[in-house]
């Protein structure tokens with residue numbers, strides 16, 4: 001069974017392109033080899049939507065990725081480990097928030113820098129966190145809210161202004 005050299009060459013090219021796609025996909029999701037930076041930790045009541053590979057953003061710019069997610073059995077909180085690129089000295093009073101790109105968009109971990117002169121060291125925990133806000137929960141609160149209280153408050157405010 002002899003193989004045509006052209007077939008072998010085309011097969012090699014296809015395998016090389018497939019390997020390139022896999023490496024690119026792995027690096028985009030954070031599953032590829034570590035590319036520097038330092039790791040931080042944050043604990044959330046709800047980390048709904050976060051997963052390994054989720055973007056970490058500061059001012060809308062990608063600065064890293066989530067590298068691990070686990071549940072702390074002692075506190076029942078979600079613990080997210082994430083990597084931030086080198087050269088960013090985040091203030092120790094920075095906020096880590098689970099944010100959404102929109103109603104139908106994806107979720108990302110947003111870093112809001114604080115004003116402290118002290119910086120977070122590699123491996124430290126971001127103390128100030130904001131959990132994911134569930135759209136379903138917000139809608140249920142809106143739908144089940146009693147309209148009488150809001151209407152009465154608005155009427156009283158209107159009478160006071162007269």
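The values are calculated or read from the model by the stated rules, or taken from the named source; none is laboratory data. Quick caveat: nothing in here was measured; it's all calculated off a predicted structure. Every residue, glycine as well, gets a Cβ built from its backbone with ideal geometry; the counts of neighbours run over all protein chains shown.
Select, from 88, 58, 120, the only residue that is modelled with pLDDT of 85 or more and under 13 Å from the mean Cα position of the chain (by Cα). First the steps, then the outcome.
Working: 88 fails: under 13 Å from the mean Cα position of the chain (by Cα); 120 fails: under 13 Å from the mean Cα position of the chain (by Cα).
The match here is 58.
Could you check segment 92-112 and list, in sequence order, the residues that are more than 17 Å from residue 43 (Cα to Cα) and either loosely packed, with under 15 Cβ neighbours inside 10 Å or over 15 Å from the mean Cα position of the chain (by Cα) (or both)?
Of the residues in segment 92-112, the ones more than 17 Å from residue 43 (Cα to Cα) are 100-106.
Once the filter is applied, which keeps residues that are more than 17 Å from residue 43 (Cα to Cα) and either loosely packed, with under 15 Cβ neighbours inside 10 Å or over 15 Å from the mean Cα position of the chain (by Cα) (or both), segment 92-112 yields 101, 102, 103, 104, 105, 106.
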